[in-house]
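Q: Quick one: the structure is below, questions incoming.
The values are calculated or read from the model by the stated rules, or taken from the named source; none is laboratory data. Please read all numbers here as calculations on a predicted model, not as lab measurements. Cβ sites come from the backbone with ideal geometry, for glycine too, and all protein chains shown count toward neighbours.
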Amino acid sequence: MLDYIFKNGCVVDGTGKAPFIGDVGVKGGVIAKIGAGLTDEAKEVIDITGLVIAPGFIDIHSHSDTAFLKDGRCQSKIYQGVTTELAGQCGSTIYPCPADKMDNIKAYAKHIEFDSDFYASASFKEFMEKCEKTGKYMSTNLISLIGHGALRVGIVGQEPRMMTKEELREMAVLLDEDMKAGAWGVSLGLGYTPGINANQEELNTLGEVVNKYDGIITSHMREQGTHSLESLEEMYEINRATGAKVHIAHLKASGKAAWGLVHDIYKSIKAAQADGVKVTADMYPFNAASSGITNSLPKWAIEGGTHMAAQALKEDNETGKRIMEYLEKNFKEQDDGERLLVVATFGKCPDADGKNIWQTSRIWDMSMADIIKKIIIDTNSHATCISFAMNDDDVAFLLSKEDMVIGSDGSGMPLNPAENIGNPHPRNFSTFPRFLRLMKEGRVCPLEVAIARITGKSADILGLQDRGKLQEGLVADITVFDHETISDQNDFSNPFVKCTGIEHVMMAGEFALKNKEQTDNRLGKFLLKK
């Protein structure tokens, strides 16, 4: 007897093959049978006539690595149909660290809201053990990367310099231990501190360890604007020198000066692939990014840590004056300020929350450069912002490419606005239904290709072999949705709105969401690389 049979659904298996009307049987947490007109007995039969049954969606760029410590419901992801997330992105995790330098990682982990001193760990294994000991469970599966920023901070702190040979060896040993424990690779945040200080030798050292375990290196590149092509070459060189697979995170052409460059960026990736470079990329279907307010500053302003920018501006020293010259040059026109929206100042500048820089400059009767200066100083560089830095045509161009997989660049969050801080980017709540709506409305690609881009293709990039497709013998991670109604419903002013169309979400044969409502099951776990 089967546990469940989903009857009469449009089966889209995640491989890109044409859909068919059929049944999917589940037993013991795995997909037991797929076919038309299954006659097996089952404990429960779910009629999904008119609905699509697909593999659980895979978020290949997620920041949910610590979100579950505060709230294990992960509602923003479950209600999108996401079952698995590649977390620990952009160089930032709260592990590992040499045991005698734990203060370094504790300081680096201060961005998390839940007992960062306790959960900051010497290793990935130790972090998992702490989660188990304290009963912290998540509602989605997490595939964990090791943040290069954490590795670097653990050994040399925020010192803006190259690492010595001995320090590189120490970093390699730390990473090797975490890879042995089941991490899937390394994430780079080369546009952030301390990643900005890494040279090619340092990146290749990481690649050597990652390749040893057939892992992956994901990268928030050093530049995502006019110098994107040079940044891509830096990633290609990791693969050429070490064999490690590289993956470009949230591919884009950021900033007006770079608009249109996506054509050359994509051409560069395809040429590299043709030359044998193991490189892939993901994107999110929005024209806005989200990060800390210091992301609007030049990289030299945050050498030694983002707090250094606040200190320089407060002291009005030579660096502070250079920062102000940069801000005055880049925030001259109304449009410049309207493209930078403040999400949250964490109570330090509440009048600026939810407003763009231009609006606040009118209210406070200050220049936009002075507004940014004040927010950076008052929040010690910790304010979060949304930046409307991309061009719609560029986003549409990349979305049209069938080899471009999709990641949210978001975290697991509650749907209740009162349980959140500010109005975070709507991508946290709606990336995947929005992507499917855009594909359908624009007739960009067939349903089976769209589904593969958020399931099977992502699994293939990661080397995830036991899920990501509807195939007999694989784990029963399943999302059922209505193709006619699936859509995002939120926007930047109100991100906390459920998507429409997601009917059921199953993980390892149990319901995480049933009849459009989340169950009490917390079925997520750390998926370890074998």
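Q: Working only within region 431-458, note down all residues that are in a helix (DSSP H, G or I), within 17 Å of residue 12 (Cα to Cα) and hydroxyl-bearing (Ser, Thr, Tyr). Outline the logic, then answer.
A: Within region 431-458, the first condition is being in a helix (DSSP H, G or I), and the residues that meet it are 431-441, 447-452, 456-458.
After this cut, where a residue has to be within 17 Å of residue 12 (Cα to Cα) as well, the list is 432-433, 435-437, 439-440, 447-452, 456-458.
Across region 431-458, the qualifying residue is only 458.
Q: Touching a His at 6+ places or on another chain (Cβ under 8 Å), assigned by TED's automatic domain parsing to the domain that holds residue 83 and either within 30 Å of residue 324 (Cα to Cα) or not hydrophobic (A, V, I, L, M, F, W, C) (or both) - does that describe any residue in region 387-401?
A: The initial filter retains those residues of region 387-401 that are touching a His at 6+ places or on another chain (Cβ under 8 Å), namely 397.
With the extra rule that they be assigned by TED's automatic domain parsing to the domain that holds residue 83, the set shrinks to 397.
Add one more test, that the residue is either within 30 Å of residue 324 (Cα to Cα) or not hydrophobic (A, V, I, L, M, F, W, C) (or both), and what stays is none.
No, that holds for no residue.
Q: Hand me the list of helices (runs of 4 or more DSSP H) wholly inside region 39-112 holding 1 or more residues that are modelled with pLDDT of 95 or more and under 21 Å from residue 178 (Cα atoms). Before you say what the answer is, go through the steps one by one.
A: Values: elements: 67-70, 75-78, 102-108.
Ranges flagged: 67-70, 102-108.
Q: Somewhere in region 393-408, is a residue out of contact with any Gly (no Cβ under 8 Å at 6 or more places or on another chain) and under 21 Å from residue 347 (Cα atoms)?
A: No, the conditions are met nowhere in region 393-408.
Table: residues versus (1) more than 23 Å from the chain's Cα centre (by Cα); (2) surrounded by fewer than 23 Cβ atoms within 10 Å (Cβ to Cβ).
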{"residue": "142", "(1), (2)": "no, no"}
{"residue": "170", "(1), (2)": "yes, yes"}
{"residue": "225", "(1), (2)": "no, yes"}
{"residue": "234", "(1), (2)": "no, yes"}
{"residue": "239", "(1), (2)": "no, yes"}
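Q: Looking only at region 443-490, how many residues end up being over 13 Å from residue 56 (Cβ atoms), β-branched (Val, Ile, Thr) and in contact (Cβ under 8 Å) with a residue 24 or more places away in the chain?
A: Final tally of qualifying residues: 4.
Q: Continuing with this model, one more query. Specify which of the listed residues (154, 195, 207, 215) is under 22 Å from residue 291 (Cβ atoms), small (Gly, Ala, Ser) and buried (at least 22 other Cβ atoms within 10 Å of the Cβ). Please lay out each step first, then the result.
A: Values: 154 fails: under 22 Å from residue 291 (Cβ atoms); 207 fails: under 22 Å from residue 291 (Cβ atoms); 215 fails: under 22 Å from residue 291 (Cβ atoms).
Selected residue: 195, the only one of 154, 195, 207, 215 that is under 22 Å from residue 291 (Cβ atoms), small (Gly, Ala, Ser) and buried (at least 22 other Cβ atoms within 10 Å of the Cβ).
Q: Among the residues of region 485-512, count how many are over 22 Å from residue 6 (Cα atoms) and charged (D, E, K, R).
A: Qualifying residue count, region 485-512: 3.
Q: Another question, if that's okay. Which of the residues belonging to region 68-111 are in contact (Cβ under 8 Å) with a residue 12 or more places away in the chain and of a type in the set (D, E, K, R)?
A: The answer is 70, 71, 73, 77, 85, 101, 106.
Q: Let me ask something else about it. Just for region 345-367: of the residues that are among the hydrophobic types (A, V, I, L, M, F, W, C) and over 23 Å from residue 252 (Cβ atoms), which one is surrounded by the most Cβ atoms within 10 Å (Cβ to Cβ)? Break it down into steps so the answer makes sense when it comes.
A: Taking region 345-367 as the starting set, the residues that turn out to be among the hydrophobic types (A, V, I, L, M, F, W, C) are 346, 349, 352, 357-358, 363-364, 366.
When the remaining residues are screened for being over 23 Å from residue 252 (Cβ atoms), the result is 346, 349, 352, 363-364, 366.
Values: 346: 15, 349: 20, 352: 28, 363: 12, 364: 14, 366: 14.
Result: 352.
Q: Quick one: which helices (runs of 4 or more DSSP H) sit completely within region 323-407 and have at least 3 residues that are closer than 30 Å to residue 452 by Cβ and under 20 Å from the mean Cα position of the chain (by Cα)? Can you show your working first?
A: Numbers: elements: 334-338, 357-364, 368-379, 392-399.
Where helices (runs of 4 or more DSSP H) fall fully within region 323-407 and carry at least 3 residues being closer than 30 Å to residue 452 by Cβ and under 20 Å from the mean Cα position of the chain (by Cα), they are 392-399.
Q: Residue 122 passes all but one of (1) under 30 Å from residue 461 (Cα atoms); (2) over 22 Å from the mean Cα position of the chain (by Cα); (3) not in a loop (DSSP other than H, G, I, E, B); which number fails?
A: Unmet for residue 122, out of (1) under 30 Å from residue 461 (Cα atoms); (2) over 22 Å from the mean Cα position of the chain (by Cα); (3) not in a loop (DSSP other than H, G, I, E, B): (3).
Q: Counting just the residues of region 374-397 that are surrounded by fewer than 22 Cβ atoms within 10 Å (Cβ to Cβ) and touching a Leu at 6+ places or on another chain (Cβ under 7 Å), which one comes out farthest from residue 495 (Cα to Cα)?
A: 377
Q: Within region 426-449, can you find the residues that are surrounded by fewer than 24 Cβ atoms within 10 Å (Cβ to Cβ) and closer than 18 Å to residue 282 by Cβ?
A: The initial filter retains those residues of region 426-449 that are surrounded by fewer than 24 Cβ atoms within 10 Å (Cβ to Cβ), namely 437-449.
Result: 438, 439, 444, 445, 449.
Q: Now, a different point. Need pairs with beta-carbon distance below 7 Å; first residue touching a residue at least 12 places away in the same chain (Cβ under 8 Å) and surrounded by 11 or more Cβ atoms within 10 Å (Cβ to Cβ) and within region 24-52, second part of a loop (DSSP other than H, G, I, E, B) and polar (S, T, N, Q); sequence gap 6+ or separate chains.
A: That search, which allows pairs on different chains as well, returns 31/471.
Q: Consider residue 72 against the criteria (1) more than 25 Å from residue 284 (Cα to Cα); (2) surrounded by fewer than 22 Cβ atoms within 10 Å (Cβ to Cβ): it satisfies all of them except one. Which criterion is unmet?
A: For residue 72, the exception is condition (1).
Q: At least 3 residues that are without any contact (Cβ under 8 Å) to a residue 24 or more places away in the chain in each: list the strands (runs of 3 or more DSSP E) lying fully within region 156-257 that qualify.
A: Working: elements: 185-189, 216-220, 245-248.
Filter on region 156-257 gives an empty set.
Q: Filter region 459-476 down to the residues that are among the aliphatic types (A, V, I, L, M), assigned to a loop (DSSP other than H, G, I, E, B) and closer than 15 Å to residue 506 by Cα and list them by number.
A: Step one: list which residues in region 459-476 are among the aliphatic types (A, V, I, L, M), which gives 459, 461-462, 464, 470, 474-476.
Those still in the list that are assigned to a loop (DSSP other than H, G, I, E, B) too: 464, 470, 474, 476.
Once the filter is applied, which keeps residues that are among the aliphatic types (A, V, I, L, M), assigned to a loop (DSSP other than H, G, I, E, B) and closer than 15 Å to residue 506 by Cα, region 459-476 yields 470, 474, 476.
Q: Could you tell me how many of the residues in region 280-296 are crowded, with 22+ Cβ neighbours inside 10 Å and aliphatic (A, V, I, L, M)?
A: Counting residues in region 280-296 that are crowded, with 22+ Cβ neighbours inside 10 Å and aliphatic (A, V, I, L, M) gives 3.
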